[in-house]
Each structure stands twice: as structure tokens, then as C-alpha cells.
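S.K.: Have a look at the structure that comes next, please.
The values are calculated or read from the model by the stated rules, or taken from the named source; none is laboratory data. Values in this document were obtained by computation on a predicted structure and should not be read as measured data. Here the Cβ is made from the backbone with ideal geometry for all residues, glycine too, and neighbour counts use every protein chain on show.
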Amino acid sequence: MLDLIDDKAQQTEVVLSVSDLTRTFPGVRAVDAVSFSVRRGTVHCLVGENGAGKSTLVKMLTGALRPTSGAMRINGAEYDPTNPQDARQCGIATLFQELHVVDELTVLENLTLGMERSRFGFLVRSDLEDRVVSTLKAIEPSIDPAARVSSLSVAQKQIVEISRAASSGASVIIMDEPTAALSEREVDRLFAVIRRLRAAAVTVIYISHKLDEIFALGGFVTVLRDGKHIATRPLAEVAGRAALIEMMIGRTVFQSYTPRDGVGDEIILTARGLTNGVLRDVSFDIRQGEIVGFYGLVGAGKTEIARALFGVDRFAGSVTFKGRPVGNSPKGAIASGVALVPEERRTQGLFTSLTIRENIPVMNLRRMSRAGIYRKAEEIAAATDFVRRLRISTDSINKRAEKLSGGNQQKVVLAKCLFSEAELLLLDEPTRGVDVGAKSEIYDIIRDLADAGNSIAVFSSELDEALGLCDRIFLLFSGRLQAVVVNGPDVDVAHVLHVVTGGTEGTVE
Amino acid sequence: MSSIAEGFPPAAKNRDRRLSDEAFITILVGAVAVGLFLVASLLVPNFFQFQNMVNLVTNNWAVISLGVGVTFLLVSGNFDLSVGGVVALSGVLSVWLAQAAGGANPLSTGLGLPYPLAVAGALGGALAIGALNALFVVQFRVPSIIVTLGTMMLARGVAQVITHGSQRNTNLPVEFGVLGNLTVFGASIKLPVVLMAALLIAAVFIEKKTVFGRITYWVGSNPVAATLSGIDRARHVARLYLFSATIAGVVGVLLASEFKSGYSNRGTLMEFDALVIALLGGVAIAGGFGSVLGMFFGAIILAIVTSAATGLVLSPDWQYTLKAIAVFLAIMTQTWALARRNR
Amino acid sequence: MIAMADASNLTPHAKARGGRTAEFLRNYYIYFVLIAVVALLSTANLDKFGLFERGNFLNQYNIINFLRVSAPILTISAAFTLLMVSGHIDLSVGSAMSLSAVVYALLAINGAPFLAAFAITVVLGVALGAINGFLVVRLRITPVIATLITLSLYKGVALLLVEDGVSAIKSGGGQSMPGWINDYGRDGAFLSLPAAFWVAVGVTIVLMIAQDRSLLGKYAVATGGNPTAARLAGINTGRIVFVLYVIVGATAALAGVARASFMSLGDPLSGDGMELTAILVVLLGGTAFSGGEGRVLRSFVGALIVMALTVGMLTIVPAYYQTLVIGAALLAAAASNHLVSRKGRSQ
């Protein structure tokens, strides 16, 4: 399967091309007339800030979303997948962050899953087994085909999935942030695999924010910005990280940050030496009335900090809130005046089967009750009030939360936290999956809250959000707090991107 | 320090008239119950009588009472199939503990405790089963359906051991038969029925008006979000299992008193009927949706269907088939009605 | 996210070593339990129990008796395991078994030849399984509820087939069971064991092979282990689940035939509680309730253990201890499954 082909010949042939590809959502052109082509047997990196349109593009390539207009071609033929299986059959396989291997089967059984030869429903041995095993051996000799997948590490499972894709005849493998959960050594091994795939004429579309990885892999890079195609170039012709960052930002104007004067001097929260499975000795302070941002890539440790402050995960180190240690449970944290808007709205934040009204009071039962008796009038009043103030668009507070749009659902979760009367709000990706209109409304709410004297911590992987909203920004990379930036008109955006993408000479204040 | 919630002015006057989906389903189920009653009255001779209406409820007081605990647990996202077994266990325990010591044979020899103590012991046995349910579901995270199937057999098994597989009904103090046979309102309504009514009212109150009731919905709707919102899920589910076991224990004691016997097969399939009426009443097994009132209407529907069917031409053997068809139709209708309403 | 990061910090070696003890426990404990139970019964003094021949539990008469009453659960457990592996459950097996027993007895008493009665009953079982499959796969009713509905339905129909006031289809009232009624489930066919037992063994062997060597067996694991991955690989998971329900239905019918033939009657309650025994048996065999894990052979051994306990218990304690022991065993099996899988994961 993995035969070596002459480098020069293959690299001129186009395997995948998109032309004028556009996808619009209400109010946004997420991908806007993007055209570029990918050559066979190359590594093709896709970069851009969050919100630049990468994930929408990938969803169209894998059949999870249909383009609004434009065309895609693979191996010279029209390509219009309607679902991921379709995409696989046309030769595009995707390595998602959530791995699609069956833990209970062996490596070999996973490699042949769905491709088996059979007679009367019974499996027949064929050259398929030899073929997939030799592909696996070529990619990573250390994995035993007879081992159960449950005994493998995440990195090894990824490699199993990659060799499955390679042996099923995929000509393009899309890898979406594949290194987020890998150790450094495992990343090296993955890169070796990618090079072998390239040598075997398999094309890898590699999506990552970690710029060092992109330069290490070489090949081509396509830069997206605000849904538009900015450039596609051989990486050899890109003059270093700074130049790449320049292309990604491409502008000097960010969502305008106006310095706020509500920030007090009193330090409300002190964290010292937070360390656990992900975090490495993270220390910081948050002041009263301040909006601080924690900015970093996927896997940099943002969510882990939020969960540690909120008493969900265990950690070494100390956190004091208003002079006292925070509780070691969400219940304790809420009681001491901290509230969290979690990362995953539908699975962690929202009570989808309940109405808007019933969602809101959960974090403040003391206010909702007298001697155990629930104050429904209060609930109705609160819900009605929040629907109006947060502009939750619904015809009724008695509507089930699952029927609302993403932005409105997020506002309900926000309302839930606001009702807790917390003095420190932890907002983990507060505008993920939220439309532009609702986004700016949520930003206004956050500023109002801070102006009223509350402290807010925003955990974000969107640069625009961090720069537009926060008074100070903590930059994270791989579990470490690398630098602190005081926001203002003269923030060096390139430097920020440099630090969070793994740049080495980060300065800590 | 200004708090966030106080940063907002008081609420505007509420003019919201939309029913929640849950109220909608409850009303739907109630309407079906009334509709069925009218249809049955037209078709079945002698169906439309006051006594008959009363009987629809009074004949089912035990299952409806058990349905309360089962409904709360379903709303919290958990099954309780142990209630029938607990009914048998507590009834048998109350008999065994109250039987005079030193009878003629093993089955007529008890511990000779005063009746109140016997009842306390019976309820203790019921609570022990509830505690086991809580331990396995909350602590060991075994699926509740498997746990409660196991405790169902365990409870009934202990009852069978105590009664040697049959029943104990001799050597009982006179006061044993009082509770279950006491009548009120001119000898037409038994005390257990009054207790059931009181339980229903209390349950609706708890469900709609207390923090405890509301927490049940939060836990069932999204356990993770509930925990992240400061709810102690484990403790709440444990309390619900104890609550349900207590109800089943009381039902068992009352039934034993009514029949003046401890029969180890009493309450067989009651767990199933309690589940059936909850499903008929629109309680979703996914959790976070349903109501005690709906369960009550579900019980009425089932009672009308079975009694009307037997009043017509069908033999009592039709009851299983009718239950199956009723649950199937109820689930399909409710799914369809909700999808249509929220289209 | 956090779990992923944690896993990547473990070296594969350490993980494999921790998992190996758990793996060994999972794979072989069941055989030790069976040996222990049999050894215990062999030492028990059977002389004072009328149920058994004098002497050792392990004499021919006792073993034959034990194996032929075990035929129904042995027949069901293999298919039930595969269904659980795919992440689904069937609470209606007991009722399907009862209904099949009644239908088989009805056919027999009304003069149908053995083969016709047998074939028709198995086809009925297939249809009952197909109804379950339809409710779960097509109408998307949760498996627990769907099969609870059919539990009630099949049992109801079985009761209706038996005339009012009569407890079972049996000889009497001018009708009598044909002479061959005991041939299948009671009389020795080979090695003094009845055909029903050999059918149970045959079904188990076929499904054992199917588990390891057929698309169905492999896709059942994939469906229960990671449904998204299975669908992405182009597997029609709905069809797999449907076929598994049908197979369970067919084995329930075989069990019903075995029971009716053993008892010479069609009892509409004969399958009551079979779903519980089946769950107990597969849990004892180490099948995970969450799907993905489980071995047909181990469930077979689990069934032998449960039956040995049930039968053997009669030598030690009165019959009314049975429910208690089965309930306790179910809880113990569930708890030990939990502990073993927890160990495998946390190390």
C-alpha cells in the first residue's frame, strides 16, 4: 500500500481543490468564496485564528455541512459529500479530536472494520489483513496488531485510526488539532507517521494553532482570515513565525478595547502554584471589578484553571477568594461567591428538558426559598426579567431550553450564573457557537457586570474576544502561564500570538 | 459590593400565557382519562355510577401510592423496580415481629413485639432496601434498572424466607388488623385510601412548591449541569430511594394489616404497574420530565381501560395485553403531540 | 479533555501491566467459580434429599437431571450476551418463552406433527424478536421500555391462548398430548441427554463461532463499543441490532419448546423471571452493561453456575431461599463487574 513514489512527479498533481466555496449562516459568511488547491503527497497546513472559517471549511470537506455555493473536486471529480461516510468513500478521511476507534476490538479488527471480506456473513481471511498490517507496520512498527485498542495510549489510537484511513485508500487525511492531547515525544512520533504518509502519496491536511509544528512539518500553508482566503504558499517561502502571524492577523484594528476605570485595587482572588494533570505551577491574582482573560490554544489549560477555581477538579497549590480558601466542590464555590459558565453548554450548563424559567434559579436556592418552600413568583419574576435584560428571544419563559438557538441558550446559562449573585464569574468560552449579534450583546453584559463591581474571568480561545473585552490577559501554553498582557491600544498582537502558539522567548511580568 | 442579580430592576408584570410542555402533557393525559371515562360510560352498562368512579381510585390505592416514589425517581433519571418486593418484605416483617412468641409451629411463632415496634421494624427493613438501592446506584454507579431488579428479588427473597414461601397469619395481636381496615366517611372509604390522597397532595406540593421537588427535575434533566450548579446529586438520589422505599414500606404494612397476614407474594408486579401508570402519565424515563398528577391520571386511564374491558366482553386475562397496548399508544401519542406542538 | 490528557501521561507499559491482572480476572474467574460450586455440591451429603440419587452430586442421574432443566437458560444466554454486547437489552425473553411454550403445546395437543409444531414455534419466536427490533430500531423506543411493553404483550397473549379457568395447555378434557411430547426436552437422545440440551449446546457453539468469526459478532461489539465509529465505518448498526433481537426471539422460542416438552404442558407463566436469570447469567459471565464487552462461552458457564446454585441450593436450604440467593447474586455480580471494570480503567 505504502509505495514510494517519485517526489517531484506527485507533488505537481492536484488531489483536492475548492473554488469559490462559500458557506453562510444567518448574519455571517463563515467561509467566503475560498479557492485553493492541495497537491498530492504533501502536508497542507490550514491556519487562522478561531473564527477565521477553518472548522466550517473542514466540515464542508467532511460532509458534515453543505456549502452554500461553490464547488469541490477530488482526484479530478466533482465532490459533494452529504455525510462523513460519503466523504470516506470519496477518499477523504478525518481524524477528529474525539477518536473513532472501538476500544473493545483488537487493532487488526479496528483496521479492517467495515471493509471485511465475508462469505454467508462469516469472515474470510484475505489479503486484506496482510495489507492493513503492512500499512500499520510501515506507519508505526511498534503497535501490535493483536493488542486490544483499550490498552493503547491516545497517541497510539490516533495512529491506528490514521493507518485505517491510509489502508482504506484515503487519498486525503484531515487532522484537526491532532496534538492537543499528546506529549512531546508522541508528537514527534506522529510527525514521523505524517512524513511516511507523505512519502506514500497520501495528502495530509493539518490544522493546528501551534506554529512550530507547522514549520516542522513543512509543505504548504493556507491562511484563512475572517472567512476569506488570504494566501496559499510553500512554507519554505514563508519567512518565519512572524510573517505567518502577520498573515493571520493582517490588520491592526481589533475589536476596540476601551480602558475601563472601574477596576479596583482590592485583590479578590489569589491563585498560587496550581498544578495538576494539565496545569504546571500557575499563579495569578484577580482584582475586584476587573475583567481578566485567559487566552490559549485548545489544551493549553484554560478549562482546567476554571474547573480548579470552581472546585470541580483536584489540584495542588492554593486558591483564596476574599481571604478564604474556596470550597473543594462547586457547591462550596457558589456559596463563597464564585459562579461558572461551563465550556459545553448542552452537556454541562443547560437543563435542556426544562423551561427557561426553571433553568435560571438553580444556583441560588437560598434566594428561591423560604424554609424549603419554593418561591415560584420569584422564579417567574427573575425569568421574565432576565429574558428582557439579556434579550433572550423567545415568545415565552415556559419554552423548553432545547428549543432555543445557541446564542439564546448561552444567555440562559449566563442568566443562571448571574442569578447566583456571584462576585466572581468564570466564563469558559462564553461565546462559542453563538451568532455575532448575541456575541456583542454578551460582551455588553459582561462589561456592565464588571462596571457594577463584579470580577470576571473569561477563558477564551478567541483572540478577538480576549483583546476586545479583557483588562488583563493571561497567556497560556501547554499548562503554563507564559505571560501577562495589560490591554490597551499598544498591545503587541503578534507577540501575543507568538507566545500562545509556543514561542519560546515569552516574558513573564 | 454590588451583586450581579441586584444590578437589575424589578421584573415587569408577567403576561406569559404559554403552558410548559409538561403542563401540556399533564392536561392531555387528564383529558384522555376523562374522555375514556365518558366513552366507557356510553358503552359499558352500569359503568357511569358514583361508586364505580370511586372504585377506580380506591381499588388502586397501593399502586398509585407506589407510583409517587417511582415517579419522583423517574423524574430524577432512575428506575425503582424494587417497590413490589419492598411491599412484600415490610408486610411480612410487620407480621413476623408482631406475632406472639412461642406458637405451635414455626410459621405461627414471631418475636412478639408491640405493634408500633413491629411497624418500625418493618419500615426499617424497607429503608434498608432503599439504602441498598442508593448505595449501588449512587456509589457503585450500576444502572438503576439492574440494581432495583436485584433488590426486588432480594426483598421478596427475605420475605419468602421469613414465611417459608407462603404466609404467616396466626397468633397476631388484635390491633394488627386495625390500620388497614379502618374506614372513614361513613364506612365507605378505607384509611389507606385517605393516606394515599394525603400522599398525593403532599407529593404534588413537594413537586411543585418545594426546593426538593425542583432539585429532582434539575438532577434528572442534566446531572452534570446540576453538579456544576452546586447540587449534591448523590445525596438527592439517595433521599429519593429512601423516600420511595418508605412509601412502599407503609403500603406493605397497611396491606398486611388489611388482610391480617404477611404473604411473601404480595405486591408481585406492583413495581411494573407503578412504572406503567407513570409512563401512561407522560413521565419520561430519560429524566427531567413528568409529574405526579400525570401519573395519577395515568393510573385512572389504566383503571378505566381494564375495568371497562372486563365490564364489556373481555376476560381479566386481557389485562397484560391491554397494558402493553396502552403504554405503546401513550408513548407514541405523547412523542407525536410534543413534536407537533414544538414544530 | 482531562481524561485524555491523563491517559497520555501514562506509559503504555504500565497501563498494560495493570490491565493484565484485571484482564485475567475477567477472563477466567468464572471457571473457578463453576469448579468451586460443583466441588461444594459434591461434598454435600445428598442422602437426605429426595430430589437426588444417593451419593455424590456428580453421579450420572443427577448430572442429567441438572443439565436437562438447564436447557432453556443455556439456549437463551448466548444470544442474550450478543445483544447486551451491542448495548441493548431484552426484558421480554421470559414472556416470549412462555408464549412459545403455549403455542407449541397448543399445536401438539391439536395434532400437529412434531416438526411442524417445532418449526412454527421457532418462526413465531423470530416474529416476536422482530417486533422488539422494530420498536427499538424503527420507532426508536428505549430498549427497556420497548421490551417491557412486549413483556406484557407476549405474556398477555399467552394467557389469552389458555382458556379461562385453565392454568395451562395440558392433557385432559378429551384432549391429550401426543406420545412424542417428551421426546425433545426430557427423554435422552444422545449420552442420555435430551435433544433440547444438545440444541442449546449447538446454538452456543454457533454463536461462539459467530462472535469471533462473523460480521454480526464483530459489528455487535462495534455497535455497543462505539456506535459513532461503527456508523462512520459504514456499518448499518440498526440492522445489527434488529438481527440480534430476532436471534434472541428465536432462542426464546427454542427455550419455550424445551420447557413445554419437559413439562408436557404449555404453561403461560413458565418463562416468568427468565429475563432476570438471563441478566444474572450474562453479568456473572462478565458482560458489561454498557455494551462492547462479553463472551458467549462465559455466559454459558455463568448459566451452569446459576443452575447449579439453584438446583444445588435445594440440597442445603429449603426452596424458598431461591429468590433471595438469586437477588443477592445479581447484586454481587453487578458490583463485581463494576469493581473489575473500575480497576481496569483507573490503573
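S.K.: Pick out the one residue from A:F294, A:F284 that is outside any loop (DSSP other than H, G, I, E, B), surrounded by fewer than 24 Cβ atoms within 10 Å (Cβ to Cβ) and aromatic (F, W, Y).
M.R.: Only one candidate passes the filter, namely A:F284.
S.K.: Quickly run through region B:294-324 and pick out the residues that are at pLDDT below 90, within 14 Å of another protein chain (Cβ to nearest Cβ) and either assigned to a helix (DSSP H, G or I) or under 13 Å from B:A33 (Cβ atoms) (or both).
M.R.: Matches in region B:294-324: B:V305, B:T306, B:A309, B:T310, B:P316, B:D317, B:W318, B:Q319, B:Y320, B:T321, B:L322, B:K323.
S.K.: Within region C:190-207, can you find the residues that are assigned to a helix (DSSP H, G or I) and surrounded by fewer than 18 Cβ atoms within 10 Å (Cβ to Cβ)?
M.R.: Matches in region C:190-207: C:W198, C:V201, C:G202, C:I205, C:V206.
S.K.: Further, regarding this structure: How many of the residues making up region A:312-356 are in a loop (DSSP other than H, G, I, E, B), facing chain B (nearest Cβ under 8 Å) and under 30 Å from B:F24 (Cα atoms)?
M.R.: The total comes to 5.
S.K.: Please report, ordered by residue number, the helices (runs of 4 or more DSSP H) entirely within region A:113-207 with at least 2 residues that are surrounded by fewer than 20 Cβ atoms within 10 Å (Cβ to Cβ) and either at pLDDT 90 or above or more than 26 Å from the chain's Cα centre (by Cα) (or both).
M.R.: A:127-139, A:184-199
S.K.: Oh, and also: When region C:298-323 is examined, which residues are found to be within 15 Å of C:L41 (Cβ to Cβ) and away from every other protein chain (no Cβ under 12 Å)?
M.R.: Listed by number, the residues that qualify are C:L304, C:I305, C:V306, C:M307, C:A308, C:L309, C:T310, C:V311, C:G312, C:L314, C:T315, C:I316.
S.K.: Identify, by number, the condition in (1) in a helix (DSSP H, G or I); (2) under 20 Å from the mean Cα position of the chain (by Cα); (3) more than 30 Å from A:D32 (Cβ to Cβ) that A:E213 doesn't meet.
M.R.: For A:E213, the exception is condition (3).
S.K.: If I go through region B:81-113 residue by residue, how many of them are over 21 Å from B:G130 (Cα atoms) and not hydrophobic (A, V, I, L, M, F, W, C)?
M.R.: Qualifying residue count for the region: 9.
S.K.: I would also like to ask the following. If A:I360 satisfies all but one of (1) facing chain B (nearest Cβ under 7 Å); (2) modelled with pLDDT of 90 or more; (3) touching a Phe, Trp or Tyr at 6+ places or on another chain (Cβ under 6 Å), what's the number of the condition it fails?
M.R.: If we test A:I360 against (1) facing chain B (nearest Cβ under 7 Å); (2) modelled with pLDDT of 90 or more; (3) touching a Phe, Trp or Tyr at 6+ places or on another chain (Cβ under 6 Å), just (1) comes out false.
Matching residues to (1) under 30 Å from A:D20 (Cα atoms); (2) aromatic (F, W, Y):
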site	(1), (2)
A:Q156	no, no
A:S167	no, no
A:F191	no, yes
A:A201	yes, no
A:I207	yes, no
A:L217	yes, no
A:D226	yes, no
A:H229	yes, no
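S.K.: Listed residues A:L108, A:L99; which is within 14 Å of another protein chain (Cβ to nearest Cβ), modelled with pLDDT of 90 or more, surrounded by fewer than 23 Cβ atoms within 10 Å (Cβ to Cβ) and under 16 Å from A:S163 (Cα atoms)?
M.R.: Among A:L108, A:L99, only A:L108 is within 14 Å of another protein chain (Cβ to nearest Cβ), modelled with pLDDT of 90 or more, surrounded by fewer than 23 Cβ atoms within 10 Å (Cβ to Cβ) and under 16 Å from A:S163 (Cα atoms).
S.K.: Sticking with this structure for a sec: Can you pull out every residue in region C:203-254 that is aromatic (F, W, Y) and closer than 23 Å to A:E161 by Cβ?
M.R.: The answer is C:Y219, and nothing else.
S.K.: Further question: Could you check region B:153-270 for helices (runs of 4 or more DSSP H) lying wholly inside it with 3 or more residues that are away from chain C (no Cβ under 14 Å), touching a Gly at 6+ places or on another chain (Cβ under 7 Å) and within 29 Å of B:L74 (Cα to Cα)?
M.R.: Filter on region B:153-270 gives B:191-209, B:211-221, B:233-259.
S.K.: In addition: Is it the case that A:V484 is touching a residue at least 24 places away in the same chain (Cβ under 8 Å), in contact with an Asp or Glu (Cβ under 9 Å, 6 or more places away or on another chain), assigned to a strand (DSSP E or B) and surrounded by fewer than 17 Cβ atoms within 10 Å (Cβ to Cβ)?
M.R.: Against the criterion (touching a residue at least 24 places away in the same chain (Cβ under 8 Å), in contact with an Asp or Glu (Cβ under 9 Å, 6 or more places away or on another chain), assigned to a strand (DSSP E or B) and surrounded by fewer than 17 Cβ atoms within 10 Å (Cβ to Cβ)), A:V484 qualifies.
S.K.: Identify, please: which residue in region A:338-384 is of a type in the set (V, I, T) and touching a residue at least 40 places away in the same chain (Cβ under 8 Å) and is, among those, surrounded by the fewest Cβ atoms within 10 Å (Cβ to Cβ)?
M.R.: Among residues in region A:338-384 that are of a type in the set (V, I, T) and touching a residue at least 40 places away in the same chain (Cβ under 8 Å), the one surrounded by the fewest Cβ atoms within 10 Å (Cβ to Cβ) is A:T352.
S.K.: Looking at (1) more than 14 Å from chain C (Cβ to nearest Cβ); (2) part of a helix (DSSP H, G or I), which one does A:R66 not meet, given that it meets all the others?
M.R.: So A:R66 meets the others, but not (2).
S.K.: While we're here: For region C:141-156, how many residues meet the condition of being surrounded by fewer than 21 Cβ atoms within 10 Å (Cβ to Cβ) and either part of a helix (DSSP H, G or I) or more than 9 Å from chain B (Cβ to nearest Cβ) (or both)?
M.R.: 3
S.K.: Helices (runs of 4 or more DSSP H) wholly in region C:1-92 with at least 3 residues that are modelled with pLDDT of 65 or more and closer than 28 Å to C:K218 by Cβ - which ones?
M.R.: Correct list: C:12-43, C:60-85.
S.K.: A further question follows. When the residues of region A:89-112 are filtered to those that are under 29 Å from the mean Cα position of the chain (by Cα) and of a type in the set (D, E, K, R), which remaining residue is nearest to C:A210 (Cα to Cα)?
M.R.: A:E104
S.K.: Can I ask one more? Report yes if C:T277 is within 13 Å of another protein chain (Cβ to nearest Cβ), buried (at least 22 other Cβ atoms within 10 Å of the Cβ), within 17 Å of the chain's Cα centre (by Cα) and of a type in the set (S, T, Y), otherwise no.
M.R.: Yes.
S.K.: A:V413 - would you say it is touching a strand residue (DSSP E or B) at 6+ places or on another chain (Cβ under 7 Å), farther than 28 Å from B:E207 by Cβ and more than 7 Å from every other protein chain (Cβ to nearest Cβ)?
M.R.: Judged against the criteria, A:V413 is not a match.
S.K.: Now for a separate question. State yes or no: is B:V147 closer than 26 Å to B:L74 by Cα, buried (at least 24 other Cβ atoms within 10 Å of the Cβ) and within 12 Å of chain C (Cβ to nearest Cβ)?
M.R.: Considered against the rule, which asks whether it is closer than 26 Å to B:L74 by Cα, buried (at least 24 other Cβ atoms within 10 Å of the Cβ) and within 12 Å of chain C (Cβ to nearest Cβ), B:V147 comes out as yes.
S.K.: Take the conditions away from chain B (no Cβ under 14 Å) and either in contact with a helix residue (DSSP H, G or I) (Cβ under 6 Å, 6 or more places away or on another chain) or within 26 Å of B:G77 (Cβ to Cβ) (or both) and apply them to C:V93. Does it pass?
M.R.: Here the answer is no, as C:V93 does not meet what is asked.
S.K.: While we're on this one: Does any residue of region A:92-100 turn out to be without any contact (Cβ under 8 Å) to a residue 24 or more places away in the chain and part of a loop (DSSP other than H, G, I, E, B)?
M.R.: Yes, region A:92-100 contains a residue that is without any contact (Cβ under 8 Å) to a residue 24 or more places away in the chain and part of a loop (DSSP other than H, G, I, E, B).
S.K.: Here's something else I'd like to know. Could you list, in sequence order, the residues of region C:208-238 that are crowded, with 24+ Cβ neighbours inside 10 Å, in contact (Cβ under 8 Å) with a residue 60 or more places away in the chain and at the interface with another protein chain (Cβ under 7 Å from one of its Cβ atoms)?
M.R.: Correct list: C:V221, C:G225, C:N226.
S.K.: Another question, if that's okay. If you scan region A:416-473, which residues turn out to be within 14 Å of chain B (Cβ to nearest Cβ), of a type in the set (S, T, Y) and either surrounded by fewer than 24 Cβ atoms within 10 Å (Cβ to Cβ) or not in a loop (DSSP other than H, G, I, E, B) (or both)?
M.R.: Correct list: A:S455 only.
S.K.: So if I check each of C:G291, C:G271, C:G286, which one is closer than 27 Å to C:V103 by Cβ and not in a helix (DSSP H, G or I)?
M.R.: C:G271
S.K.: Provide a single number: the residues in region B:156-181 that are of a type outside the set (D, E) and surrounded by fewer than 17 Cβ atoms within 10 Å (Cβ to Cβ).
M.R.: Qualifying residue count for the region: 8.
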